Structures are given as structure tokens and as C-alpha cells.
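**Q** One structure coming up, written as C-alpha cells, with questions to follow.
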Amino acid sequence: MTDASSTIIPRHSVAPTTHTEQITEPAALLADTAELRDETTETSSEAMQLHRNVERLHLGQMTRELEAVPPTALLDALADEFLFPWSLLARIVDVSPTAVRKWRRGETVTPTFHHRLAEFLGFCRTLQQRDPRITNLPHWLEMPLDARVDITRVDLFLQGVRTELLDMAAGRRTGENLLDETVSGWRKRADRSEQFQVLMDDDGMPSIVPRSEAAPREG
């Protein structure tokens with residue numbers, strides 16, 4: 001007869017886990033993940049800055065290449081490729097529409113304005129490469145960055161913002177992000193504008209009134 005004690009399945013002893021180990025293990029893991037997160041953030045920031053620098057080099061190279069093109073050809077490209085109206089183009093280059101029309105007829109363009117035309121054409125071509133879905137580039141540039149303010153993409157371009165707008169076209173940032181980075185106090189300006197509303201009087205003239213006084217429209 002088999003000894004009953006030999007049929008008993010022995011229990012494997014489990015090493016006791018100390019209270020100290022239960023506390024320090026999550027703490028060490030938290031420290032490791034925090035360090036990894038900081039390193040990732042730093043790497044992302046460095047990559048973003050590197051990309052911006054290369055984008056600037058790219059725009060600079062395109063500008064230098066286009067400076068070898070006659071101004072009339074630059075104007076033709078902006079009109080034919082992107083359908084820019086002379087009024088908007090004049091605003092971007094900082095001259096009158098009359099001056100642009102004279103350039104189109106072959107009148108002399110100073111080196112400064114020649115450079116601006118080359119720079120803008122290079123920017124437009126790069127912008128459309130970043131998002132080929134932008135088929136009406138003048139309209140895209142004149143749109144507000146955010147529905148709460150009237151600050152447009154053209155406004156930022158005229159302030160020297162270039163790579164950030166290209167990032168926006170590529171979907172790497174929103175208009176709100178771009179405003180936070182480039183326009184100080186825009187949120188306060190937006191809050192003030194939302195306190196008022198434009199209404200049309202009976203005589204057809206617009207009036208600005210507080211929203212609290214604006215009667216709801218019928219229908």
C-alpha cells in the first residue's frame with residue numbers, strides 16, 4: 001500500500017514580497033517613463049527645429065533660383081499658376097496695383113521687389129507641394145486662421161511667418177496653434193470681439209451692439 005504522504009502534492013514556496021519592493025517598483029517605473037517622456041519631447045523639439053531650418057534653406061534656394069527669372073515671367077507665373085489678383089499681389093509685395101501693372105508691361109523692377117516676387121513664387125510653389133489639395137491658393141491665404149479673429153494667413157506671411165504656414169498646410173499644426181505662437185494676446189482680442197454683434201438697421205446701415213442687447217431674429 002502506498003504511503004498516503006507520498007500522494008500529497010507539495011506546495012512550492014512563494015518568496016514573500018516585502019512592502020518596500022511594492023512601493024519602490026512603481027516609483028522606479030514612474031521615474032523611467034518620465035525620463036523617456038522628457039527625452040522624447042526633447043528629441044521632438046530638436047527634430048522640429050531641424051526641419052524648420054532645412055525648410056528655410058529650401059525656400060532660400062528656391063528664391064535664389066527664381067531671382068534669375070525676369071520679373072515679367074515671375075508675374076506671369078503668379079497669375080497663371082495661382083490666379084493671384086493684382087490687388088492681393090501688390091499688397092504682398094508692398095506696392096500699388098498700378099506698379100504691378102507697369103511691371104507686367106515691362107517697366108523696370110528694382111532688385112528689392114524682384115527679390116520679393118521670387119521669394120513669394122517660391123513660397124507658393126512649396127505651399128502647394130505641402131498640400132496639393134489647395135487649388136485656390138489666394139483664397140487659402142486670405143482665410144482667417146481662426147473663426148474668432150480676422151487675422152489671416154496673409155497677415156502672418158507679411159510678418160515674416162513662412163515655415164509655420166507650411167507646417168499648417170502639411171497638417172502639422174492648426175490655426176489656433178499658429179496664433180498662440182505668433183500673435184500675442186489674440187485670445188483676449190477674440191474674447192472682446194465675441195461680446196459684440198453686427199446688426200443691420202432698418203435703413204440698411206450696420207450697427208455694433210452688445211450681444212446681450214441683440215434680439216433674436218425671427219424664422
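The values are calculated or read from the model by the stated rules, or taken from the named source; none is laboratory data. The model shown is predicted, which means the values in this text are computed figures rather than measured ones. For neighbour counting, all protein chains shown are included, and Cβ atoms are generated from backbone atoms with ideal geometry for every residue, glycine included. Protein only, heavy atoms only, side chains kept; ligands, DNA and RNA dropped before computing areas. Shrake-Rupley method; radii C 1.70, N 1.55, O 1.52, S 1.80 Å.
**Q** Among ILE134, LEU88, LEU145, whose Cα sits farthest toward the positive end of the charge dipole of the stretch 23-153 (+1 at Cβ of Lys/Arg, -1 at Cβ of Asp/Glu, about the Cα centre)?
**A** The residue sitting farthest along the positive end of the dipole is LEU88.
**Q** Taking loop as defined by DSSP and a crowding limit of 16 other beta carbons within 10 Å, which trypsin sites (Lys or Arg not before Pro) in the stretch 57-130 fit?
**A** Answer in residue order: ARG105.
**Q** Provide the per residue accessible area, probe 1.4 Å, for the stretch 97-140, rounded to a whole number of square angstrom.
**A** Ligands and nucleic acids excluded, the figure is 56 Å² per residue.
**Q** Another one. With only alpha-carbon atoms in the gyration tensor, what are the semi-axes of the equivalent ellipsoid for the stretch 76-121, in Å, largest first?
**A** 14, 12, 11
**Q** For the stretch 19-172, give the magnitude of the charge dipole about the Cα centre (Cβ charges: +1 Lys/Arg, -1 Asp/Glu; no others), in debye to the nearest 20.
**A** Numbers: 17 positive and 24 negative charges, 256 e Å.
Its charge dipole is roughly 1220 debye.
**Q** Cβ under 14 Å from TRP103's Cβ, TRP103 left aside: what net charge do those residues give with Lys, Arg +1 and Asp, Glu -1? Provide the component values of the computation, followed by the final result.
**A** Details: positive: ARG101, LYS102, ARG104, ARG105, ARG116; negative: ASP76, ASP94, GLU107.
Once all neighbours under 14 Å are counted, the net charge is +2.
**Q** Taking R0 as 35 Å, what's the FRET efficiency between ASP76 and GLU46 from their Cβ-Cβ distance, rounded to 0.05?
**A** The calculated FRET efficiency here is 0.25.
**Q** Let me ask something additional. What distance in nm separates the simple spin-label points at ALA34 and HIS139, each placed 7 Å from Cα in the Cβ direction?
**A** Label at ALA34, label at HIS139, 5.1 nm between them.
**Q** May I ask you to evaluate 6.51 cos²θ - 1.76 cosθ + 1.60, the Karplus curve with θ = phi - 60°, for each residue of the stretch 45-56 and list the ³J(HN,Hα) values in order in whole Hz, giving x for glycine and proline?
**A** Per-residue couplings from phi come out as 5, 5, 5, 5, 5, 4, 5, 4, 5, 5, 4, 5 Hz.
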